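The values are calculated or read from the model by the stated rules, or taken from the named source; none is laboratory data. Being a predicted model, the structure only gives us computed values, none of them experimental. A quick note on method: Cβ atoms are made from the backbone with ideal geometry, for glycine too, and the neighbour counts reach across all protein chains shown.
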Amino acid sequence: MARQWITESNHNTIYAAGQSNVEFEKNTIDMDPAYHALQKYFGYTTFLPLQKDIIQDILLKKDVFVLMPTGGGKSLCYQLPALLLDGVTIVVSPLIALMKDQVDALKANGIAAAHINSSLSYDEMQNVKLDLAEHIVSILYVAPERLMVPDFLSALKRLNVSLIAIDEAHCISEWGHDFRPGYRQLEVLKEHFPKVPLVALTATATSRVQEDITTQLKLSDPKTYKASFNRKNLFYQVKPKDNAYDQLLQYLKGHKNDSGIIYCFSRKSADDLANKLKKEGHRALPYHAGLKSDLRAETQDKFIKDDVEIIVATVAFGMGIDKSNVRFVIHYDLPKNLETYYQETGRAGRDGEDSDCIIFFSRSDMGKISYFIEQKEDETEKQIAYKKLRDMVSFCETGTCRRKVLLEYFGEMYDEVNCGNCDNCLDPKETIDGTIIAQKIVSCVSQIGERFGINYIADILCGSRIQKIIRNRHNIVAAHGDGKEYSKKQWQAFTKELVRLGYLKSEGDRYPIIKLTPDGCDILSGAKGVLLTKPEEEVKILQKDVDGSFDHDLFEILRSLRKKLADDASMPPYIIFHDSSLIEMATYFPRNRSDFRTIVGVGESKLETYGELFLNEIISYCEKREHAPPFPIEEEAYSDKSGAYSVKKIQETHPRAYEPWTEDEDEMLTADYKAGKTIEELMGLFGRQRGGIKSRLMKLGLLS
Ligand code: ADP
Ligand code: ZN
């Protein structure tokens, strides 16, 4: 059975982890139309965890509270019911800037969606109103302030409102970090629409915020769904902040064309790093609160449209980024707490594809954060901030699974022994007893009067007789030549590690000198033992095996086509197809419409709009390369290509999904169907997908 985690005892709360299928009450509804719409409009064959149950409750007109991490698939929870319910679904969303993209994405899937906000011209506004009056809008996005304008509200009441979804619902709570007074007005929504189901969704909710959402929106006995906050596709990694820039360049070399965000602590460092990367030939731009708002909007737009790959940003960047193909989030400086870290790394990999989260860590960054904490007046707030900073540092310094530390910080039990997707699980660090090493370094620092840098210290320990040492008469201190068992490079690495661990400190930016700390003095007295990382000659960023199971050349060709089409339509490329769709195309080489239709994310509308264009590229690529595995799916074609994301997922839940039907199976299927088994039951019995069962029943003449 799938692992479940429970943190609160609320009979009305459903928790899920990973792929678990949660039991729901007897009160059920036929979900066939939902599966049909999922295929037709979104091009997906299965639901993500909890989606099905949430949709079922909404269709039963219940109020629902949804807590899911970024990328969990919240939008579909209200977009799909909107298509099945009569009338219009209202989506309350805080970010005007995002509405257009959301509406464009829905339209690209053939769904009648619209938004109303101040960015529309008078004529555009009238058109939307006209469409609403004529009942041709299924989903309408509005900001809370607009929704609660009395005239607008009365106009809506005259329409048939089928569902109201409150996105980013935490904005209603003063205890959340994005409180927005406009959301507070939603308190009276239930009075205006007593019979309409409300669904509140958020990715960030402490129990206090959750309570606020439920009480303020006056949700009536809501079913609460909490998804696991484990982002399985994110690879967590912490690297020592030594030569961080070189490490970064090395990483970027392996990730050309990938979109990513690099977070820095200050505006100046964001500007500097972006400039340096630009000089190296990367398309990088800075983003922070010191830039004019027009420029910020332009930069964000370029990133969303894949015109620039790398944004070097302060925390100011991120809210309002719905981009699905962010492949890496790098923290060049230490984040101030794990909440920020989780939120910022959460922007990677919304499309479910593998993505990297890397921190360059040095304890010396704590000083910068402490400086800001010290500015706080409230003593309790200060203490909380320090505690959070210490938790952040422990995350960086842990030798155990990072995923476990992160999830348990947020109250979710994680009991896998090896997550398989963090540096500590993939490449456990070997440590050695470093007490003597540390003692040698600390006493050297003390003997030379805390006035020199790391290089000099290493030179002394190695017994170097460079002029500077002779001139300072440091060739006669006890530490001179006391460390010949290790190389200069290794002594440098040990010293840096001692700084990171707080046993020494580094002062000054240009020519940093190493000084003692009280903790370091404890080492000298022998009161404390130290574990150090086993020395290695070179520090490398762990590069995970790249998924070689798809054709990268074809992927690039399709990516350029997507970019061109997106530019022509002034849309972000991911609205046309997510990376996962392109990866499947470059894995299975579909060469006709019906093959193309089985690619993840290809619904009817996208098949019509883009099918031919993409098929042409794929066909001409296959002809040129004489390189074309068979499609439609045959057993052999799949046996060595199981790496593709959605196919792999389908095979996990429907192990025989791609296997040909045997005569025996046909016989059993006929008998079971005639005996009254439902399609759901048949799916389980035969290990196949809904579509597979249905089309076989049709072929056997049992279903029309
Ligand atoms: P959230 O709002 O929770 O951050 P989104 O609604 O943006 O998440 O969905 C995250 C990603 O998952 C999107 O790329 C979306 O297209 C994809 N997705 C949603 N539902 C499904 C599904 N049933 N099957 C496959 N992918 C899905
Ligand atoms: Zn792990």
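Scanning segment 135-157 for residues that are touching a residue at least 24 places away in the same chain (Cβ under 8 Å), of a type in the set (A, V, I, L, M) and not in a helix (DSSP H, G or I) yields 136, 137, 139, 140, 142, 143, 148. The number of residues in segment 236-252 being over 22 Å from the mean Cα position of the chain (by Cα) and closer than 27 Å to residue 351 by Cβ comes to 3. On the basis of being within 22 Å of residue 575 (Cα to Cα), touching a Pro at 6+ places or on another chain (Cβ under 9 Å) and among the small types (Gly, Ala, Ser), does residue 93 make the cut? Answer is yes for this residue. In this structure, residue 252 does not satisfy being within 16 Å of ligand 1 (Cβ to nearest atom) and either among the charged types (D, E, K, R) or surrounded by 15 or more Cβ atoms within 10 Å (Cβ to Cβ) (or both).
For segment 118-134: of the residues being surrounded by 11 or more Cβ atoms within 10 Å (Cβ to Cβ) and more than 24 Å from residue 86 (Cβ to Cβ), which is modelled with the lowest pLDDT? Filtering first and then ranking leaves 119. Here the strands (runs of 3 or more DSSP E) wholly within segment 271-374 that include at least 1 residues being of a type in the set (Gly, Ala, Ser) and either in contact with a strand residue (DSSP E or B) (Cβ under 7 Å, 6 or more places away or on another chain) or within 16 Å of ligand 2 (Cβ to nearest atom) (or both) are 284-287, 310-313, 355-361.
Residue by residue, here is whether (1) in contact (Cβ under 8 Å) with a residue 60 or more places away in the chain; (2) within 16 Å of ligand 1 (Cβ to nearest atom) holds:
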| position | (1), (2) |
| --- | --- |
| 352 | yes, yes |
| 363 | yes, no |
| 376 | no, no |
| 412 | yes, no |
| 428 | no, no |
| 443 | yes, no |
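Each residue in segment 61-96 was checked for being within 12 Å of ligand 1 (Cβ to nearest atom), in a strand (DSSP E or B) and more than 25 Å from residue 181 (Cα to Cα), and 0 of them qualify. For segment 645-704, filtering for residues that are within 28 Å of residue 48 (Cα to Cα), β-branched (Val, Ile, Thr) and either in the same structural domain as residue 47 (by TED's automatic domain parsing) or modelled with pLDDT of 75 or more (or both) leaves 3. Among the residues of segment 20-35, write down those that are aliphatic (A, V, I, L, M) and modelled with pLDDT under 75. Across segment 20-35, the qualifying residue is only 22.
Test residue 29 against the criterion of being part of a helix (DSSP H, G or I), farther than 20 Å from residue 600 by Cβ and aliphatic (A, V, I, L, M), and give yes or no. In short, no. Filtered by the rule that a residue be of a type in the set (Val, Ile, Thr), modelled with pLDDT under 95 and surrounded by 18 or more Cβ atoms within 10 Å (Cβ to Cβ), segment 181-213 gives 202, 204, 209, 213.
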